[in-house]
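J.: Structure below; questions to follow.
The values are calculated or read from the model by the stated rules, or taken from the named source; none is laboratory data. Everything numeric in this text was worked out from a predicted model, so none of it was measured. Positions of Cβ are generated from backbone atoms using ideal geometry, with glycine treated the same way; all protein chains shown enter the neighbour counts.
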């Protein structure tokens with residue numbers, strides 16, 4: 001499409017260059033395309049594909065939140081209905097000209113289209129508007145690039161970014177051609193610049209994948225050592241900004257970075273958590289999920305998300321105060337299904353943690369409590385900020401992990417005080433009685449994988465374990 005207003009665009013480019021020199025925040029225009037059905041499509045019964053699982057205004061607010069996460073200055077935002085998406089530009093020519101007028105008027109430097117754009121669509125829109133254009137995937141990648149701190153996180157973000165950009169190399173360097181040798185006057189164009197870029201980019205991707213393969217092996221060794229310890233693992237998952245890190249901190253008494261923003265946590269954190277009954281678990285705080293999470297990110301963060309796949313228990317943290325909590329739940333479950341975690345099986349290892357109940361009104365809280373009683377998976381109401389409901393959640397985690405525990409009835413001599421102390425620290429003591437002759441009768445529940453440690457303790461005390469009771473050794 002031919003662009004008019006050349007003189008205005010030159011003035012606009014000069015103004016945006018000056019603003020960048022003065023280090024002003026990037027002026028941003030957030031656009032949410034909503035694909036709707038036309039009357040003809042409805043009459044003909046044609047299928048209509050929409051991009052939204054959330055309410056349009058809420059989705060637009062989320063897109064603006066993503067933009068603010070990288071300190072963009074949102075000058076304007078708009079919802080645009082599209083009846084016939086254009087393969088070349090997504091929008092129609094009239095709408096593109098209308099948006100160009102807004103971009104020139106408000107001196108916009110960056111346009112964010114909260115929709116998946118093809119490379120051709122992105123390039124044509126940048127040519128039409130003379131500004132940088134980012135789609136939803138590109139915006140999330142920018143946020144991840146800002147949040148990554150560890151070496152592993154930086155590698156994962158770079159891999160996702162390079163994979164995304166690989167399909168967006170354009171033929172803008174065809175005038176730069178390398179000449180190959182030949183006999184006499186024979187010769188011809190060799191490798192063009194775009195081919196060189198593709199080759200170098202693929203080489204970098206291969207190198208990162210090899211480094212991440214080492215990370216995967218290292219994480220596998222760490223998981224094996226934790227299984228040998230043996231400590232069960234509990235992974236915290238949920239929609240971004242649902243309160244996962246706040247819950248992690250209050251459970252483990254840690255100081256993981258917490259802020260009211262999307263993707264505040266990117267690099268996984270693990271801490272030991274001592275539960276009631278002497279059980280110790282490894283609690284893992286993971287990256288938050290979001291609607292339409294790019295598949296390149298899921299693939300790049302596969303090594304990190306393996307912690308969720310192999311976890312003995314998954315805590316799905318939900319912001320029940322959010323008006324779209326059900327849509328967020330569906331988005332999280334969609335990502336879990338991509339990780340081959342089936343949440344519909346009866347023996348599902350998921351507990352839902354309904355957070356931020358302190359923000360609910362009394363009537364809303366009563367409705368949520370009634371719903372939790374009949375929910376498809378165990379659901380517990382908490383406030384990670386105030387601590388309300390945390391003791392019940394800790395007990396629920398211990399009981400869920402203790403479903404396969406073994407109950408032992410122990411008869412100990414009076415001098416086995418050290419062993420009794422170990423039982424209180426590492427098992428759940430149900431009852432303890434002392435007879436007149438000094439014999440100690442203890443009933444405990446112990447994890448099956450801890451029986452070996454119990455045998456070691458009893459052997460050092462001169463006792464043996466037989467069936468469901470401990471008797472003095474010969």
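J.: Consider segment 344-370. How many of its residues are over 23 Å from residue 245 (Cα atoms) and either touching a strand residue (DSSP E or B) at 6+ places or on another chain (Cβ under 7 Å) or modelled with pLDDT of 95 or more (or both)?
T.: 1
J.: Also, I was wondering about something else. In segment 124-147, what count of residues is obtained for those that are surrounded by fewer than 18 Cβ atoms within 10 Å (Cβ to Cβ) and farther than 18 Å from residue 28 by Cα?
T.: Of the residues in segment 124-147, 1 are surrounded by fewer than 18 Cβ atoms within 10 Å (Cβ to Cβ) and farther than 18 Å from residue 28 by Cα.
J.: Which residue pairs have Cβ atoms under 7 Å apart, sit 6 or more places apart or on different chains, and have a first residue in segment 200-212 that is more than 10 Å from residue 158 (Cα to Cα) and a second that is exposed (fewer than 10 other Cβ atoms within 10 Å of the Cβ)?
T.: Here the result reads none, with nothing in segment 200-212 linked to a residue that is exposed (fewer than 10 other Cβ atoms within 10 Å of the Cβ).
J.: Tell me, which helices (runs of 4 or more DSSP H) lie completely within segment 346-456 with 1 or more residues that are assigned by TED's automatic domain parsing to the domain that holds residue 238, touching a residue at least 12 places away in the same chain (Cβ under 8 Å) and more than 24 Å from the chain's Cα centre (by Cα)?
T.: 362-373, 390-401
J.: Pick out the one residue from 438, 417 that is out of contact with any helix residue (DSSP H, G or I) (no Cβ under 9 Å at 6 or more places or on another chain), more than 18 Å from residue 281 (Cβ to Cβ) and modelled with pLDDT under 80. I'd like the intermediate steps shown before the answer.
T.: Numbers: 417 fails: modelled with pLDDT under 80.
None of the others qualify; the one that does is 438.
J.: Hey, any hits in segment 269-279 for a residue that's at pLDDT 75 or above, within 11 Å of residue 239 (Cα to Cα) and assigned by TED's automatic domain parsing to the domain that holds residue 384?
T.: no
J.: Residues of segment 210-239 being out of contact with any helix residue (DSSP H, G or I) (no Cβ under 6 Å at 6 or more places or on another chain), closer than 26 Å to residue 394 by Cα and either modelled with pLDDT under 70 or part of a helix (DSSP H, G or I) (or both), which ones?
T.: Answer for segment 210-239, where residues must be out of contact with any helix residue (DSSP H, G or I) (no Cβ under 6 Å at 6 or more places or on another chain), closer than 26 Å to residue 394 by Cα and either modelled with pLDDT under 70 or part of a helix (DSSP H, G or I) (or both): 222, 223, 224, 225, 226, 227, 228, 229.
J.: Next question, about the same structure. Condition (residue is at pLDDT 90 or above and under 27 Å from the mean Cα position of the chain (by Cα)) applied to segment 79-102: is it met by at least one residue?
T.: For segment 79-102, residues at pLDDT 90 or above and under 27 Å from the mean Cα position of the chain (by Cα): present.
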